[in-house]
Structure formats: structure tokens, C-alpha cells
Amino acid sequence: MKSKTRSLITILFLLAMLVCVCSITAFGEDRGVEVVANQGEQKTVTEISGVKTDSADAVTVKANGEGSDASAVIGGDVESDKGHGLVIEADQGKATAVINGQIETENQEGIEAKADNGGTINVKVDGDVESDGDASIDAEAINGSKISIVVGSEAEGKEEGLDLKVSGGSSIDVVVKDKIEGDKAGIVTNACTPDCDGTVNVTAWKIVVRKDGGGKEFVALDHNNAINSAFEKTIKYIIRIKNPEYISLPGLEKGEYGYTAYEGDTVKVRINIPDGYELEHAYWDDDEELELIKGDDGFWYVRIPKGGGVTLSVELDDDDDDDEDSGEGYRAASPNTGDKEDLIMWSVVMLAAVALLAGMIRKRALNR
């Protein structure tokens, strides 16, 4: 009996250890993953699974002082009910965070990033960054600092998707490979306004368009809630291609995140139709099936709309299908020339006939 009890206790202990390894929700103390490097120090933390907290920030990465280097790699989703998903800071030093999953928060920003005094921040998130706080990403770079953030899917905040502030010759680069969305605006930034002293570069597939009180459409505001038209013109929109084997963009150079263009750009599209096919439809918005415009030069064209969201796709029609529809060259439904469905039907009939014949022969043999 004692041996069985010890075995049970051992099993329960191992299960408890497994739970601790698979989730960084501390017992008795709500604490996430934290890595802090001070002047001249290099520190890194690797967590093979996700991180979930209640009131604390889920992941904190800080590099404080010259020569400091702090990094964290999280192997799963990052969640916090009342805290931030990721807090990352670099004051003179370098801070890096890699999230191999999504970030989700209920009350605070998904990512809060601040670089100062020439500090450098690099963040990569494989999935979405979703927040019921003010913004999915709140980033500030001051005094000659740099921030780079890449989001592999969507960035969605309660008020704004991105809140970006630069000054002192600093820079912020944000890439969102899918959609940016916020109830108030996709982006709020002081970039390209008179009080700005720095650069902000945003690349995204789509930014959800909003309207001001006068009904004017916008995707970006400044921090005075005025439409930031100057910044809107700098946003690069990713162009998705659903059928790359048929579609190419001869007027654009393919970059790290695919083909990109600015709002209002007219993009030339080449459609390569293979032998035996003809083009039935060519779309630039696959969801709403909005068709491309064909020019007299044989190319097709699309104008990048406010907010982007362009997906190029084509539908090809087999010439043989036209012959069948017209009654010419129609292939008879036979096992030699029919479609796959006809072949299956004939095969079933033939197998049934063979089985019936075999049964009759066997019955005769038994009667003898």
C-alpha cells in the first residue's frame, strides 16, 4: 500500500512539474517572464512554451545602459488579463523579443516599446497582436533611437491599431503582414506633422478605413485627432497575389515583404494565360470580386485604394469546357472517353456483373 501511495505522489508531482513547464503562471505570485540587462551585461531568456498572467505584464525585456543587451524568446502565445503582453525598453542598449505565437491582452496595450538615448529595439511576433487596451502597439523612440516591430498577422486595438511617437531624429519601423484596425483609427502618430523630428515607416496589407465627423475617410490621425494626410501618403501597402503562376507585376520590384505600393498608385498587372485556357475573370479584391481594368496595351491595371487590401486573382476557363457547353466535341459517357465519375460508375457496374457471373458459376458447380 505504501508503495502505491509513493507512486501516486510521484505521478502527481511530475504532472505538477509539467504544468509549470508548459505555462508561466506562477503559483501564489502573478509573475511573467522578465529579463533585465544593465550596463555592459548580456542576458537572455528562452521559454519553450507560452506565457499567461493575470495582473502582471506577461513578458518584460529591458536593456539599461551602454553595452547592455537583453533578449527573450517565447515559444508560444503571450496573454495577460490586466497587464501588458510585452513591455520592452532600451536606454542606450539593445533589447530583442521574439514571440512564436500571438499576443493578447484585455486591459493594457499588447506591446509597449520605448527606446531612448540611441537605444535599439527589435520585436518579432508570428501571430496577431490583439488588445482591448488603447492600442495593440504603443511605441515611442526618442533621442536618436530605433524601434523595429514585425507582426506576422493582424494588429488590432480598442482605440487605435498603432500609436507611434518619434522625436530627436529617431525612427520607428512597423510591418503588419495582415490588417491594422482600431475603433478610432488604424494609426495615430506625430510623424509627418510640424512638431515631428523623426521618421515612422509602416507597411501593411490593409488598414481599416474610418470616417471623421464630416464623412471624410482616413486611416491615420495625429495626436490632436486631426487626419494625418501627410503620413497616409507614406504608408506602404502589401499586394497579395493569389495565383502567382499566372500573375506578375512588371512595374514593381519585389521586396522583403512582397510587392508594395502607395495609396493612389496605379499598378500594372501582367496575366500569363497558359495554352488551352482563356481568361474568365481578373479580380483585385477577391472577397468582393472587384474586377481589374484592362488597358489598350494588353496589361491590366489596379489603383491602390485608401487602406489598401489588394488581393490579385484570376479565374481561367478551359477551352474544352466551352466545347462541351456548345455541344461540339462532347465526350460520350463511356468507360473509354467519359469523365472520372462515368468511369467509376462503369467500373462498379462491371464489378457487379463479374460478381454475379461468378456466383452463378459457383451455384451450378454445387448443384452438380
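The values are calculated or read from the model by the stated rules, or taken from the named source; none is laboratory data. All values derive from a computational prediction rather than experimental measurement. Virtual Cβ from ideal backbone geometry, glycine too; neighbours counted across all protein chains shown.
Here are the numbers:
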item: Residue match in segment 36-56 (condition: in contact with a Leu (Cβ under 9 Å, 6 or more places away or on another chain) and under 30 Å from Lys184 (Cβ atoms)); result: no
item: Contacts under 6 angstrom Cβ, first residue in segment 269-287 being touching a residue at least 24 places away in the same chain (Cβ under 8 Å) and over 22 Å from Lys254 (Cβ atoms), partner in a strand (DSSP E or B) and of a type in the set (A, V, I, L, M, F, W, C), 6 or more apart; result: Tyr277/Leu316
item: Residue among Ser80, Ser71 that alone is touching a residue at least 40 places away in the same chain (Cβ under 8 Å) and of a type in the set (S, T, N, Q); result: Ser80
item: Unmet requirement for Arg210, which otherwise passes all of (1) within 26 Å of Glu140 (Cβ to Cβ); (2) under 19 Å from the mean Cα position of the chain (by Cα); (3) surrounded by 14 or more Cβ atoms within 10 Å (Cβ to Cβ); result: (2)
item: Answer from Gly144, Gly118, Gly101, Gly127 - the residue that is in a loop (DSSP other than H, G, I, E, B), touching a residue at least 12 places away in the same chain (Cβ under 8 Å), within 22 Å of Lys236 (Cα to Cα) and not charged (D, E, K, R); result: Gly127
item: Among (1) closer than 21 Å to Gly76 by Cβ; (2) at pLDDT 95 or above - the single one Ser148 does not satisfy; result: (1)
item: Residue tally, condition surrounded by fewer than 21 Cβ atoms within 10 Å (Cβ to Cβ), over 22 Å from Ile187 (Cβ atoms) and of a type outside the set (S, T, N, Q), over segment 301-318; result: 5
item: Qualifying residue in segment 210-231 (condition: in a strand (DSSP E or B) and without any contact (Cβ under 8 Å) to a residue 24 or more places away in the chain); result: yes
item: Qualifying positions in segment 105-154 - surrounded by 24 or more Cβ atoms within 10 Å (Cβ to Cβ), within 19 Å of Gly182 (Cβ to Cβ) and among the hydroxyl-bearing types (Ser, Thr, Tyr); result: Thr105, Ser131, Ser136
item: Any hit, segment 248-255, residues being among the basic types (Lys, Arg), surrounded by fewer than 17 Cβ atoms within 10 Å (Cβ to Cβ) and in the same structural domain as Ala282 (by TED's automatic domain parsing); result: yes
item: Some residue of segment 158-170 being in the same structural domain as His84 (by TED's automatic domain parsing), basic (Lys, Arg) and free of Cβ contacts under 8 Å to residues at least 40 places away in the same chain; result: yes
item: Filter result for the condition that a residue is surrounded by 13 or more Cβ atoms within 10 Å (Cβ to Cβ), among the small types (Gly, Ala, Ser) and touching a strand residue (DSSP E or B) at 6+ places or on another chain (Cβ under 9 Å), over Gly258, Gly295, Gly264; result: Gly258
item: Those residues of segment 35-49 which are modelled with pLDDT of 95 or more and either more than 17 Å from Ala113 (Cα to Cα) or not aliphatic (A, V, I, L, M) (or both), in sequence order; result: Asn38, Gln39, Gly40, Glu41, Gln42, Lys43, Thr44, Val45, Thr46
item: Index of the failed condition, Gln102 passing every other in (1) more than 16 Å from Gly182 (Cα to Cα); (2) buried (at least 24 other Cβ atoms within 10 Å of the Cβ); (3) not charged (D, E, K, R); result: (2)
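Each row is one residue, and each column tells you yes or no for (1) over 21 Å from Val125 (Cα atoms); (2) in contact with a Ser or Thr (Cβ under 6 Å, 6 or more places away or on another chain).
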position: Ala185; (1), (2): yes, no
position: Ala226; (1), (2): yes, no
position: Ile238; (1), (2): no, yes
position: Gly258; (1), (2): no, no
position: Thr266; (1), (2): yes, no
